[in-house]
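Where a number appears in this text, it was derived from the coordinates with a stated rule and is not lab data. In this text, all values refer to a predicted model and were calculated from it rather than measured experimentally. Heads up, the Cβs are rebuilt from the backbone with ideal geometry, glycines too, and the neighbour counts pull from every protein chain shown.
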Amino acid sequence: RETYDPEALQAKWLPVWESLDPFRADDALVDSGEREKRYALTMFPYPSGDLHMGHAEVTALHDVLARYWWQRGYEVLNPIGWDSFGLPAENAAIKRDEHPATYTYANIETQAGSFRKYGLSFDWSRRLHTSDPEYYRWTQWLFLKFRERGLAYRKNSAVNWCPNDQTVLANEQVVDGACERCGAIVTKRELNQWYFKVTDYAQRLLDDMAQLEGRWPDRVLTLQRNWIGRSEGAHVDFDLHLADGATRRVTVYTTRPDTLHGATFMVVAADAALAAEIVAPEQADALAAYLEETRKASDIDRLATDRPKTGVPLGVTATNPVNGEQIPVWASDYVLADYGTGAVMAVPAHDQRDLDFAKAMDLPVRRVVDTGEENPEETFVATTGDGTYVNSGDLDGLGDKAAGIAAVVAHLEEDGRGRRAVNFRLRDWLLSRQRFWGAPIPIVHCPDCGEVPVPEDQLPVTLPDLKGADLKPKGSSPLGAARDWVEVPCPACGGPGERDTDTMDTFVDSSWYFLRYPSAHLETAPFDPADLKRWGPVDQYVGGVEHAVLHLLYSRFFTKVLHDMGLLDFTEPFTALLNQGVVINQGKKMSKSLGNGVNLGEQLEEFGVDAVRLTLVFAGPPEDNIDWADVSPAGSLRFLARAWRLSGDVTSEPGVDPTTGDVALRRVTHRTLDEVATLLDGMRFNVVVARTMELVNATRKVIDSGAGPADPAVREAVEAVAILLSLVAPYTAEEMWERLGHTPTVARAGWPAVDPALLVEESVTAVVQVQGKVKARLEVAPDVSEADLEAAALADAAVVAAIGDKTVRKVIVRAPKLVNVVVG
Ligand code: ANZ
Ligand code: ZN
């Protein structure tokens with residue numbers, strides 16, 4: 001008997017596909033209306049090392065859909081590229097003492113080779129790398145366009161700084177106030193940084209989520225909603241009485257303007273400029289000392305409710321605009337400088353952090369909402385629920401929060417001391433990095449002209465070589481060391497200028513790569529709007545949930561800005577999103593320390609590409625995690641061999657008329673094809689594999705015991721198996737296709753037409769009730785007549801027994817499903 005040899009199939013078919021190039025998306029076929037477009041996108045990889053199980057999983061799942069679309073007659077754009085700038089590659093290169101470019105491009109070649117072998121239906125002609133000057137030229141161009149629109153700007157801000165590592169840290173890298181890596185106490189440092197003004201788009205980013213409802217995972221939508229963090233409330237103005245006798249109006253943001261009568265003090269963020277501006281001279285030293293401490297805490301620590309409250313009085317009072325009370329003004333770190341207005345009205349009775357602060361500083365507490373719970377003035381437990389207003393002037397006795405808010409806001413508006421306001425938690429996007437491996441920010445700083453954009457025709461600003469230089473993070477960019485690169489004439493006045501030495505966050509590169517693929521080789525613009533009109537937006541995006549917020553939010557932001565620039569006719573980049581699960585082993589995340597890592601290369605070696613792909617697709621619903629300990633690539637291999645063997649058994653000629661074949665098998669084939677289409681539309685890929693297995697079994701039975709290998713229904717079934725397998729196991733499918741007498745490639749064979757007559761069920765179950773109780777079930781033809789069904793029901797032994805000697809008064813017949821006999 002012949003043996004199924006996956007390795008031989010790979011060696012045989014890969015070169016054939018390379019020369020056929022069957023997945024190159026053709027613009028003309030879409031433009032002529034001959035084919036409808038589909039844009040299938042998988043998140044492009046970072047080039048750190050070779051592909052791993054995670055890549056194998058996401059691309060296997062993604063490829064099912066892309067290949068299915070091809071089979072259904074769509075023109076499919078399924079491109080691939082590399083997110084090749086950025087920290088992961090740079091850090092890995094530094095560790096190996098290699099130049100980031102050498103390391104990056106070597107990895108890209110390795111990964112590209114592995115992808116090809118893995119048999120993915122990519123359109124290789126549109127390949128891109130974000131670290132290519134041809135690409136980052138347009139990243140820089142986009143930065144300049146954003147800047148022209150006021151959406152890219154520079155400001156001083158306090159960033160986390162590790163004095164030991166001499167580097168900036170992200171909030172996530174600060175653990176309990178210490179550097180995650182070395183344990184040194186993290187401080188804050190003022191740095192001049194570039195930002196994208198994503199906050200300008202906060203409301204639209206929220207509103208347009210309506211387009212994504214039901215098409216993106218709920219989890220991702222919730223994460224984005226929380227990240228944007230819209231809240232409704234009011235701005236309330238307080239007049240401050242400063243030590244020098246002057247008055248200054250300060251605005252706070254509050255979600256509970258209705259509790260204004262309970263505002264017994266005010267708190268300003270210790271690190272807000274305002275604190276230093278209003279502090280009384282005798283408190284200035286205390287504030288400065290406190291500020292030192294504040295700089296050590298991360299935002300997460302500062303907002304923590306269980307943290308002991310600290311602060312300093314500023315020696316200033318404020319007038320409560322609803323009752324004229326003089327309340328003290330404090331500085332504390334539990335109020336954040338860059339949230340709301342950086343100042344709060346403290347209502348200790350109804351906000352726990354305010355209450356903790358009041359208790360620590362011995363400040364008054366006044367209940368203004370009686371919730372029926374114990375009085376927070378005594379318990380020091382803030383009550384935050386609804387209730388009846390007390391101690392609140394005109395509001396007293398009212399029991400409706402919305403009405404309370406409306407009344408207070410109306411009153412404040414009348415006095416010009418407040419107004420409704422909306423606040424977002426979303427911050428502007430800090431995009432500059434003091435690192436080497438990224439797109440240089442295309443700005444020249446001139447002592448006379450200030451920030452001067454590099455003229456468009458001088459883009460790209462390419463990275464200096466810096467071979468052999470120390471690229472370790474030092475808090476200032478290593479680009480600063482390349483003096484002959486830094487020192488350039490000012491593009492505006494021609495005087496001596498200096499290039500900006502920061503590079504862009506790698507998330508900038510990935511915020512627009514999906515717009516570049518349709519115009520991958522265009523040299524005059526980042527993309528041609530006509531190309532995006534043809535291919536955009538992405539119909540299906542597949543990738544990890546770890547990108548729920550940053551990448552997916554930034555891409556949405558970029559798309560909206562480019563829409564506003566008139567370059568795109570859509571406002572959301574990714575119509576549908578699938579987050580695949582992760583591949584784990586023995587119930588745990590794969591890791592070096594646990595020693596439970598599964599090496600993709602070894603799996604491919606042992607079981608072959610098709611068995612690994614099939615295993616990943618068959619493991620469960622695509623969103624679920626795959627425990628490699630629970631799946632069986634060996635079982636997949638056995639199944640593929642069985643399917644492949646069918647193709648060797650078929651003895652009828654290609655093109656034989658199937659209608660004379662075994663009807664039962666034909667029904668299975670056509671029902672499978674029909675159901676699979678629905679399953680694929682719902683991305684239930686694992687069930688598709690299960691149905692394919694059932695079809696293989698049904699076919700084998702007919703070959704072995706029915707009409708045998710010559711039955712034309714067998715050919716029809718095996719061809720269907722080959723086409724179904726072309727979505728998951730392309731090498732096996734191609735070989736089957738050839739053995740069936742066809743020419744490559746099965747991937748473009750087209751979806752077989754389904755005969756609706758074969759989908760009709762052969763029999764249905766009719767239920768017979770006597771006096772409403774089920775007495776019998778009859779198998780009848782779907783088109784049985786009412787008379788026949790009634791006769792059959794009344795002839796059934798169980799029904800006859802149930803009627804006994806009673807008289808049949810009425811027989812209600814609902815063919816073909818129900819007969820109801822009424823006796824009396
Ligand atoms: C008075 C008040 C009374 C508040 C009350 C709450 C309950 P969200 O929903 O997150 O937007 N706040 C405002 N600015 C702040 C800042 N810079 N740092 C820390 N806290 C700040 O929360 C808005 C509420 O958070 C605001 O409403 C304010 O406290 C506080 F019974 O004002 B509230
Ligand atoms: Zn100048």
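Given the convex hull of the Cα atoms of the stretch 326-463, what is a quarter of its surface area in nm²?
15.1
Hey, what number do you get for the chain at 222 nm if only DSSP H runs of n ≥ 4 count, each worth -39500 (n - 2.57), divided across all residues, to the nearest 500?
-11000 deg cm²/dmol
Find, among the GluC sites (Glu not before Pro) in the stretch 576-630, those assigned to loop by DSSP (not H, G, I, E, B) with at most 15 other beta-carbon atoms within 10 angstrom.
Details: sites: Glu602, Glu605, Glu606, Glu623; in loops: Glu623.
Loop-located and lightly packed - Glu623.
State to the nearest 20 debye the size of the charge dipole of the stretch 472-630 about its Cα centre, where the only charges are +1 on K and R beta carbons and -1 on D and E beta carbons.
Values: 13 positive and 23 negative charges, 72 e Å.
Value, rounded to 20: 340 debye.
Give the residue from Gly536, Ala690, Ala269 lying farthest towards the positive end of the charge dipole for the chain; charges sit on Cβ (+1 for Lys and Arg, -1 for Asp and Glu) and the dipole is referred to the Cα centre.
Ala690
Run through every distinct alpha carbon pair of the chain and return the Kirkwood hydrodynamic radius in angstroms, one decimal place.
Taking the inverse mean of 1/r over all distinct Cα pairs, the chain comes out at 32.1 Å.
So for the stretch 39-128, averaging the separation of alpha carbon pairs under 8 Å that are six or more residues apart and normalising by length, what relative contact order in percent results?
Worked out over the stretch 39-128, it gives 42 percent.
Given the C-alpha centroids of the stretch 195-243 and the stretch 480-506, what is the distance between them in whole angstrom?
The stretch 195-243 and the stretch 480-506 have Cα centres spaced 36 Å from each other.
Quote to one decimal, in nm, the extra length available between Asp218 and Glu148 on full extension: 0.36 nm per residue of separation minus the C-alpha distance between them.
Length gained, Asp218 through Glu148: 21.7 nm.
Which three extents, in angstrom, do the Cα atoms of the stretch 691-779 have along their principal axes, listed largest first?
Computed over the Cα atoms, the extents are 63, 27, 21 Å.
Give the relative contact order (percent, whole number) for the chain; include only Cα pairs under 8 Å separated by 6+ residues.
Over the chain, the number comes to 13 percent.
Fewest to most neighbouring Cβ within 10 Å: what's the order for Ile94, Ile278, Ile703?
Ascending Cβ contact count within 10 Å gives the list Ile94, Ile703, Ile278.
Nearest 10 degrees is fine. How inclined is helix 712-725 to the longest principal axis of the chain, computing both from alpha carbons?
Helix 712-725 sits roughly 10 degrees off the main axis of the chain.
If you build the convex hull over the alpha carbons only and average its shadow over all orientations, what do you get for the stretch 259-316? Give it in nm² to one decimal.
The orientation-averaged projected area of the Cα hull of the stretch 259-316 comes to 4.8 nm².
Restricting the count to DSSP beta bridges whose residues both fall in the chain, what percent are antiparallel, rounded to a multiple of 5?
In the chain, DSSP labels about 75 percent of beta bridges as antiparallel.
Would you work out which of Val545, Ala28, Pro654 lies farthest towards the positive end of the dipole of the chain? Charges go on Cβ: Lys and Arg +1, Asp and Glu -1.
It is Pro654, whose Cα lies furthest towards the positive end.
Multiply the residue separation of Glu373 and Asp207 by 0.36 nm, subtract the distance between their alpha-carbon atoms, and state the gained length in nm to one decimal.
Once the chain is fully extended between Glu373 and Asp207, it gains 56.0 nm.
Among the lysines, select those whose C-alpha is under 20 Å from the C-alpha of Lys474, and discard any that sit fewer than 8 residues away in the same chain.
The qualifying lysines are Lys95, Lys188, Lys296.
Using a Förster distance of 60 angstrom, determine the FRET efficiency expected from the C-beta separation of Phe380 and Asn697, and round it to 0.05.
0.30
Could you name the lysines in cross-link range of Lys775, using Cα to Cα under 21 Å and dropping any fewer than eight places away on the same chain?
Lys806, Lys810, Lys817
Would you kindly compute the Cα radius of gyration of the stretch 548-699 and its largest Cα-Cα separation (Dmax), both in Å?
Every Cα atom of the stretch 548-699 included, Rg and Dmax give 21.4, 62 Å.
Once the Cα atoms of the stretch 38-195 are picked out, what are the Rg and Dmax in Å?
For the stretch 38-195, the Cα radius of gyration and maximum Cα-Cα distance read 20.0, 61 Å.
Work out the charge dipole of the stretch 405-470 with +1 on the Cβ of Lys and Arg and -1 on the Cβ of Asp and Glu about the Cα centre, then indicate which of Cys446, Leu430, Thr462 is farthest towards its positive end.
So the residue we want is Leu430.
Where Rh denotes the Kirkwood radius from the mean inverse Cα pair distance, what is Rg over Rh for the stretch 343-404?
Numbers: Rg = 11.5 Å, Rh = 11.8 Å.
Dividing the radius of gyration by the Kirkwood radius yields 0.97.
For the stretch 338-382, what does the relative contact order come out to in percent, with C-alpha contacts under 8 Å and a separation of six or more?
In percent, rounded to a whole number, it is 39.
Considering the convex hull of the alpha carbon atoms of the stretch 135-266, report its projected area averaged over all viewing directions, in nm², one decimal.
14.7
For every other residue with a beta carbon closer than 10 angstrom to the beta carbon of Val368, add +1 if it is Lys or Arg and -1 if Asp or Glu, then tell me the sum.
0
Residue separation times 0.36 nm, minus the C-alpha to C-alpha distance between Asp21 and Lys533: what's the value?
181.9 nm
Take Glu277 and Lys806, extend 7 Å from each Cα along the Cα→Cβ direction, and tell me the distance between the two endpoints in nm.
Those two pseudo-labels are separated by 8.9 nm.
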